[in-house]
Ligand SMILES: *Cc1c(COP(=O)(O)O)cnc(C)c1O
């Protein structure tokens, strides 16, 4: 048996008729940049998440950058985040000349540990970026409470958690700003790069819309120094179709996770989803010992696996200048050594799930 990790092809085949029609409609109109589908998508995304504004952009990375720019993160500022995330989270902080300040993760959810945030707050701290890793949010109430006590902005890195919920509310709409990614392998993926920013704050929304198009106030008049960060109309057309089916896809992912849970129970430690949350299961990741050998063995049986992520950010070469060392964030370091993602997509069959569980 050979198992497909994300099975993007099957997903395309399933909705091919609708997607092809939508993409061809854009090509017929040649409205490739900021066509009407972009606005339609933004309205649909905002309604789905339950916030006033959704602003599409060219990637999840740009979503983070635009959010940080909108709240005036500047050289010398400090932004708190977790070292156990994709590089983009801390990279965008550093890109603006600000200092990423790391806080270790909670061992159960792999999200930033709110109990360890306050000791890292200084007069220079401006924002906190919790990351909703693998599709599950952090404890956002606890983080928002700390932020409001200290006058900080909270930007959720929801690149992996679009559609997840926290206390019944949707990820991306849980703090001042939420950022997501439509990278093809994310739970809601487009056919290239894409992302979106969410907020209830009208002024921030207006500023982020402007920053996305070179800081313009009107054509060729520039109020801010911005970026070229628009989402293509073709990607918006694809996403409009996929968003219509997203609740079905998400329910299927969650069903696959439940079946993995049942099949692995007692054999392997299961992913922990807090009772007040649901996961979008961007990944189904478990902790294992002797990971390299296990990955090889699984690969030989046609089971692809992945590691998200093998090296915490405080140990990355590009962040050596921050002066962190091994041992600074022990939970992130241990989890990075042990974590392994299993194939996860809406189409895994019972037989495939049993096969993976059997091999484990
Ligand atoms: C994917 C991802 C990003 C970046 O999104 P892109 O669309 O690839 O730029 C940022 N943060 C996290 C946690 C991610 O998983």
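Each value in this text was obtained by applying a stated rule to the coordinates, not by laboratory testing. Keep in mind that this is a model prediction, so the values were computed, not measured. For neighbour counting, all protein chains shown are included, and Cβ atoms are generated from backbone atoms with ideal geometry for every residue, glycine included.
List of remarks:
- Within region 215-227, being in a loop (DSSP other than H, G, I, E, B), away from the ligand (no atom under 16 Å from the Cβ) and buried (at least 16 other Cβ atoms within 10 Å of the Cβ) holds for 215, 226.
- Across region 148-162, the qualifying residues are those that are assigned to a loop (DSSP other than H, G, I, E, B) and surrounded by fewer than 24 Cβ atoms within 10 Å (Cβ to Cβ), and the one among them that is farthest from the ligand (Cβ to nearest atom) is 151.
- From the options 127, 145, residue that is away from the ligand (no atom under 16 Å from the Cβ), touching a helix residue (DSSP H, G or I) at 6+ places or on another chain (Cβ under 9 Å) and either within 18 Å of residue 98 (Cβ to Cβ) or not in a loop (DSSP other than H, G, I, E, B) (or both): 145
- Filtering region 339-358 to residues that are within 21 Å of the chain's Cα centre (by Cα) and not in a loop (DSSP other than H, G, I, E, B) leaves 339, 340, 341, 342.
- Condition check for residue 358: more than 22 Å from residue 293 (Cβ to Cβ) and surrounded by fewer than 16 Cβ atoms within 10 Å (Cβ to Cβ): no
- Exactly one residue out of 305, 233, 278 is under 30 Å from residue 215 (Cα atoms), touching a residue at least 12 places away in the same chain (Cβ under 8 Å) and in contact with a strand residue (DSSP E or B) (Cβ under 7 Å, 6 or more places away or on another chain): that is 233.
Listed here are the residues, each with its yes/no results for (1) over 16 Å from residue 174 (Cβ atoms); (2) in contact with a helix residue (DSSP H, G or I) (Cβ under 9 Å, 6 or more places away or on another chain); (3) surrounded by 20 or more Cβ atoms within 10 Å (Cβ to Cβ).
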site	(1), (2), (3)
56	yes, yes, yes
61	yes, yes, yes
69	yes, yes, yes
73	yes, yes, yes
76	yes, no, no
80	yes, yes, yes
85	yes, yes, yes
88	yes, yes, yes
94	yes, yes, no
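- Flag for residue 3 being in contact (Cβ under 8 Å) with a residue 60 or more places away in the chain, buried (at least 16 other Cβ atoms within 10 Å of the Cβ), touching a helix residue (DSSP H, G or I) at 6+ places or on another chain (Cβ under 7 Å) and more than 13 Å from residue 238 (Cβ to Cβ): yes
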